[in-house]
């Protein structure tokens, strides 16, 4: 796990010590971020392999590659690993852990031990889930709907549920740590309205983590107790109510969508600002829209239940509120676009990902309006339309932003530059592969193909083959960054402290940063994103400064 | 279905055209904004690329009006979507008065339908053209969801609780019927076909495949077997239990001062767990039938209770014989005693 | 970092910042606990609306006297906890240890009475899950089962929180005996005190929800 350090001397968090012990028991938020990076990449690969087999199976209408039981386990593994062990932790635990203290000008998160505990809870929950997969799998879908999960499924539901349960605590502790850190650890002069938008989005995300996760933790605990002891809360045969589970589950899992997308919005705000050399248009609107989304996200869970048998009047309320949550999201999209106006735009890889994000998130967000519309949802609920919609948000949105962010802060995290040519190529490849994979699924969904179908009517084969073809391109697209980023650890050019000319405290310390982040406590005297548009001052400054390295 | 490429399923119910019109409106709305955003991004990206000679003076800092406008312009359009969608959705919850009643019991992994005339079928559903159909559904195990894309309707089917779905088929043909809620190993094979037939063909199909008793008739046998009439057919005079004659659809006062409408859900609960809602003026002495009657039997019993029309003004269908039966049945079992275990 | 007290962790600027961070963290943790129990209270409300009569019938099987005694025991333990927090702030070591031990003992008494009640339920055949013999069988069965399920779930999770609290109190008592946790180092006592009061508060809701609804609805 010893990453090669940049050149020689300057002591940094990577070369401060080398033994495995100092990594596994580190309290340094930056090292913990690296531990998370390795762990979630591992789960991303598992989820990706499961998705690949699912797409291969769906190339033909008959169930000829795997048995239906296996197919059900595969999409369940895909859903559970991607959501609980990749998407939810992705940006918060890797970029958030690494950047929150740096951006605030702090030496570490408020509770370093809690942070490490949080990682081990995550790793332990992940291992349990992995064990459940290896021991025979679980087939409930990531949604664990009762009474199928609590009574009928005879797969490893308990082990998986315990795994997800434990991971929930990890998420809670991370959110708690970020909130306290943002309140208490800001450097002198780092006022709320001088914070980078990434911090605003992480703060809003943390609020959701802290408030929503306990509810799903409870729901999963109750499923487990019902399965183990027959304490009937959800199974009607035991006097329970299956819809109660859906309410508790979506009370978390809808806000969880925003746990996944809000950090992505924060990353994109940074990227767009940096590569346009402009303060984001409507800084405060973008910041407050994160909070508006966080608050509204708690009031819309019932839109997952328009056909569940809940009261139609509840449906009306949830539909109306769901339209409202679209507004702050639209505000962000318009503001990012407006930021480009009269900007000075360069096209490094992170910017390509950011522009891709805006396009794909727009499609994902607008198709969300279809689902908020009651009569349309009645038709497309639980079809491939939904599948396409949330992949546009989560893969087109979150994964694009995550990859953009990883490239952007890679020099800071590792002290090495990534290869720009390869990176641009794979960014374009991922964008193309993504659209080919998921756009046909909108059409499939409106035609009525239900999700989680192992076999399907023959007339839908053409669209399914298109989707599978796109998925293979996408798989290649993801293979490249894993490869060349690893390569860059040894062969990448050494990174200067601020390779992309961004503002923000994390760029004012060396790459990689020293163990305690800053040699002396920084003092913030200006607003965030105070770019010098024509780069004149920066060029002048660079000419004065000695070459870095 | 044809081999031509399709963007939408066939429009085979009264809802389909309305839902598709709304869908097209949303596509236009989304298409406009997607193209707008994409165009602006590409345009700005080219014009303001670094090093281009574009005019960058008067950089806009922050126009409050602009922010307000992109909140205020999409909002009314979204409210159009909301009200339009809500109007169709609420229609989908209000079946017309004369709808034909089909009952549906779902289980892993099959659909079982029963027609008012008693015909049952599995994974196939035959319905007459232009006749509103109301399906009363319940599951025997996990959650399923009845979905007919050509009709643009879908409704989850729950264990332990009735849900309903209605539609009016408007085009003769055969259409997919799916289970849309994941229900286990053979979820994707829990599907069938809806056959929309001309009314005459439907009648022919009914008589050609007369394989079962009408639910109400089967329900009556059960009703007698369980001796429900002993307490429940005396017009309330026997004092043991409230009369079931003409009960369906009425508002019932309860012991705790609340009232409840006697619908399928209430009847089902009161058979299975009589003590849950005790009618005002009666004692909770009826035994619970939980675990003793299957879902199909319950649906039949409820069909029988629905057919117990009041003796006075004749109701819509076959009033008199039922009422006669009801009163005559009241006599023979005589003193059969209902005990609480 | 001029005055680097031994109580100050490396990444904080000063003790005040450290203390505020710790306290804010604890309040956030308690917020998550409220959301956790909130889900259970939601379930309680749903099922009470479904089975109002059965819940009253279920409540009649509770021992109000023992419940009342337990409520008194727990409220008293909150008092001793509050006094312990004050003693820690005022650096009164012996007093702090005594009050922590007293709080622990009251907690143990509560759990003792609770387990007696559970045992009594077992003897009466009123445990409707886990394969225990369940004797009650009338028309009110379904709702009663749900009532008892919720009773065991909610009081059980409450008791679990009590057990965790008792272990933390014992750890505090040991640390206090060794001379820690006094004055500027008293934050752990303060935080665990907050936790203890929270657990107490949950019981204040559980008691009427399960024990007293029969008294009220009966009206005689």
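The values are calculated or read from the model by the stated rules, or taken from the named source; none is laboratory data. Here the structure is a predicted model, which means the values were calculated and not measured. Neighbour counts are summed over all protein chains in view; Cβ atoms, including those assigned to glycine, are modelled from backbone coordinates with ideal geometry.
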Restricting attention to helices (runs of 4 or more DSSP H) lying wholly within the range B:1-94, give those where 1 or more residues are in contact (Cβ under 8 Å) with a residue 60 or more places away in the chain, within 7 Å of chain A (Cβ to nearest Cβ) and under 24 Å from residue A:440 (Cβ atoms).
-> B:16-47
Could you please find all residues in the range A:226-246 being surrounded by fewer than 22 Cβ atoms within 10 Å (Cβ to Cβ), away from chain B (no Cβ under 13 Å) and in a helix (DSSP H, G or I)?
-> A:227, A:228, A:229
Hits in the range B:167-189 - residues which are closer than 13 Å to residue B:14 by Cα and surrounded by fewer than 24 Cβ atoms within 10 Å (Cβ to Cβ) | B:168, B:170, B:171, B:172
Is it the case that some residue within the range C:81-93 is more than 25 Å from residue C:185 (Cα to Cα), away from chain A (no Cβ under 11 Å), out of contact with any strand residue (DSSP E or B) (no Cβ under 7 Å at 6 or more places or on another chain) and without any contact (Cβ under 8 Å) to a residue 40 or more places away in the chain?
-> no
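Got a sec? Which of C:106, C:75 is within 24 Å of the chain's Cα centre (by Cα), within 24 Å of residue C:192 (Cα to Cα) and surrounded by fewer than 20 Cβ atoms within 10 Å (Cβ to Cβ)?
Sole residue among the options that is within 24 Å of the chain's Cα centre (by Cα), within 24 Å of residue C:192 (Cα to Cα) and surrounded by fewer than 20 Cβ atoms within 10 Å (Cβ to Cβ): C:75.
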Filtered residues of the range A:109-123 (kept if closer than 14 Å to residue A:185 by Cβ and buried (at least 24 other Cβ atoms within 10 Å of the Cβ)) | A:109, A:110, A:115
Is one or more of the residues making up the range A:58-71 closer than 24 Å to residue A:260 by Cα, touching a residue at least 24 places away in the same chain (Cβ under 8 Å) and assigned to a helix (DSSP H, G or I)?
-> no
Quick check: is even one residue across the range A:62-69 crowded, with 22+ Cβ neighbours inside 10 Å and either modelled with pLDDT under 95 or within 14 Å of chain C (Cβ to nearest Cβ) (or both)?
-> no
How many residues, within the range A:308-363, are under 19 Å from residue B:78 (Cα atoms) and touching a helix residue (DSSP H, G or I) at 6+ places or on another chain (Cβ under 8 Å)?
-> 24
Would you confirm whether any residue within the range A:281-288 is in a loop (DSSP other than H, G, I, E, B), within 13 Å of chain B (Cβ to nearest Cβ) and modelled with pLDDT under 90?
-> yes
Residues being at pLDDT 90 or above and either surrounded by 22 or more Cβ atoms within 10 Å (Cβ to Cβ) or farther than 15 Å from residue A:258 by Cα (or both): count how many of those fall in the range A:295-310.
-> 10
Filter the range B:129-166 for residues that are in a strand (DSSP E or B), within 7 Å of another protein chain (Cβ to nearest Cβ) and either surrounded by fewer than 24 Cβ atoms within 10 Å (Cβ to Cβ) or without any contact (Cβ under 8 Å) to a residue 24 or more places away in the chain (or both) and give the result.
-> B:153, B:155, B:159, B:163
Among A:269, A:311, A:290, which is the only one that is within 25 Å of residue A:252 (Cβ to Cβ) and under 19 Å from the mean Cα position of the chain (by Cα)?
-> A:290
Enumeration of residues in the range B:174-220 that are farther than 30 Å from residue A:138 by Cβ and within 14 Å of chain A (Cβ to nearest Cβ) | B:174, B:175, B:193, B:194
State whether one or more residues within the range A:135-142 are touching a helix residue (DSSP H, G or I) at 6+ places or on another chain (Cβ under 8 Å), part of a helix (DSSP H, G or I) and within 13 Å of chain C (Cβ to nearest Cβ).
-> no
Please indicate, with yes or no, whether at least one residue in the range A:402-416 is at pLDDT below 95, assigned to a loop (DSSP other than H, G, I, E, B) and closer than 27 Å to residue A:91 by Cβ.
-> yes
Based on what the data block shows, is residue A:359 part of a helix (DSSP H, G or I), facing chain B (nearest Cβ under 7 Å) and under 30 Å from residue A:417 (Cα atoms)?
-> yes
Boolean, residue A:350 is in a helix (DSSP H, G or I) and surrounded by fewer than 24 Cβ atoms within 10 Å (Cβ to Cβ) = no
Return yes or no: is residue A:435 more than 22 Å from the chain's Cα centre (by Cα), within 14 Å of chain B (Cβ to nearest Cβ) and either in a helix (DSSP H, G or I) or surrounded by fewer than 21 Cβ atoms within 10 Å (Cβ to Cβ) (or both)?
-> no
Within the range B:291-310, is even one residue surrounded by 15 or more Cβ atoms within 10 Å (Cβ to Cβ), assigned to a loop (DSSP other than H, G, I, E, B), at pLDDT 80 or above and within 14 Å of chain C (Cβ to nearest Cβ)?
-> no
Verdict on residue A:109 being at pLDDT 95 or above and either within 18 Å of residue A:214 (Cα to Cα) or within 13 Å of another protein chain (Cβ to nearest Cβ) (or both) | no
